[in-house]
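Following: one structure in structure tokens, then a few remarks.
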Ligand SMILES: Nc1ncnc2c1ncn2[C@@H]1O[C@H](COP(=O)(O)OP(=O)(O)O)[C@@H](O)[C@H]1O
Ligand SMILES: [Mg+2]
């Protein structure tokens with residue numbers, strides 16, 4: 001074979017290898033995901049975003065989270081929103097009041113893509129406000145790639161599963177995060193609790209932000225009040241001397257919560 005022929009041959013073999021790898025990847029992920037999602041992951045692999053997709057960190061109501069590696073050996077969390085779920089009907093109100101998603105078209109697929117994009121945008125916004133969240137890498141349709149919080153393929157535990165040594169300190173860290181969320185990012189998390197905060201290297205890290213809304217959302221104050229109640233309830237149960245719910249609301253927003261804000265039921 002001439003040099004040129006050898007080179008062509010190498011290229012062909014390489015392509016074939018990639019295809020073989022794709023086929024194997026596809027086999028693994030096709031058993032879990034629909035064809036479109038599988039193809040999307042292969043695309044992200046060929047685009048140099050994901051090198052490997054590994055074990056499942058969590059199977060949630062709306063999404064599964066997988067561990068992965070990037071091409072610089074960095075650990076990634078790959079959140080894949082399920083394209084078939086009834087949960088999304090309930091979530092409509094978090095998108096409806098958000099001017100960032102005005103042009104959004106109805107339909108389950110579109111809704112889920114919007115939901116994933118919303119989480120990505122919210123992560124970006126929080127990161128810019130220097131709030132500790134998983135750094136977002138990319139979002140494409142129903143797949144969101146972000147920084148993996150944890151080490152050596154061990155995901156950081158949720159706050160609810162940690163025996164905090166200095167619960168007082170963690171409480172004030174969480175309160176500071178809520179303040180920055182409000183003041184710097186102008187966002188309300190709207191599902192904040194010990195279930196959506198990871199604890200890593202002695203610091204709380206906020207996750208699961210797809211439902212977070214801008215402050216001008218019609219229910220923003222009610223969502224904030226609910227977040228405050230959750231956080232105070234959790235830390236009170238650890239015998240932390242928390243602010244009262246009203247005090248913390250006032251500290252964050254500058255005004256006391258109205259009776260209406262306190263009584264909204266979702
Ligand atoms: N960036 C991340 N790094 C490590 N683990 C994560 C990350 N994001 C999510 N997880 C894990 O996956 C679980 C589900 O993620 P979450 O965003 O809360 O989705 P949902 O609650 O809607 O299923 C979390 O409780 C957490 O254990
Ligand atoms: Mg969650």
Using label points projected 7 Å from each Cα along Cα→Cβ, tell me how many nm separate residue 265 and residue 138, to one decimal. 4.6
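Tell me, 83, 255 in order of fewest to most beta-carbon neighbours within 10 Å? Working shown, then result.
Numbers: 83 17, 255 10.
Final ranking by Cβ density, sparse to dense: 255, 83.
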Quickly work out the residue 247-to-residue 161 label distance, labels modelled 7 Å from Cα along the C-beta direction, and quote it in nm with one decimal. 3.3
For the residue pair residue 96 and residue 233, what label-to-label distance in nm results when each label sits 7 Å from Cα along the Cα-to-beta-carbon direction? 2.4
Full extension from residue 202 to residue 186: what is 0.36 nm times the residue separation minus their Cα-Cα distance, to one decimal in nm? 3.2 nm
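Please give the contour-minus-distance gain from residue 151 to residue 51: 0.36 nm per residue of separation, less the Cα-Cα distance, rounded to one decimal in nm. Please list the in-between numbers first.
Details: separation 100, 0.36 × 100 = 36.00 nm, distance 1.74 nm.
The span from residue 151 to residue 51 would gain 34.3 nm if fully extended.
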At q = 0.14, 0.16, 0.18 1/Å the base-10 log of I(q)/I(0) from the Debye formula over the alpha-carbon atoms of the stretch 154-263 is -0.52, -0.68, -0.86
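Since every read-out is calculated from the coordinates, none of them should be taken as a lab result. Nothing here was measured: the structure is a model prediction, and the numbers come from that model. When we count neighbours, we look across all protein chains shown, and the Cβ atoms used for this are built from the backbone with ideal geometry, even at glycine.
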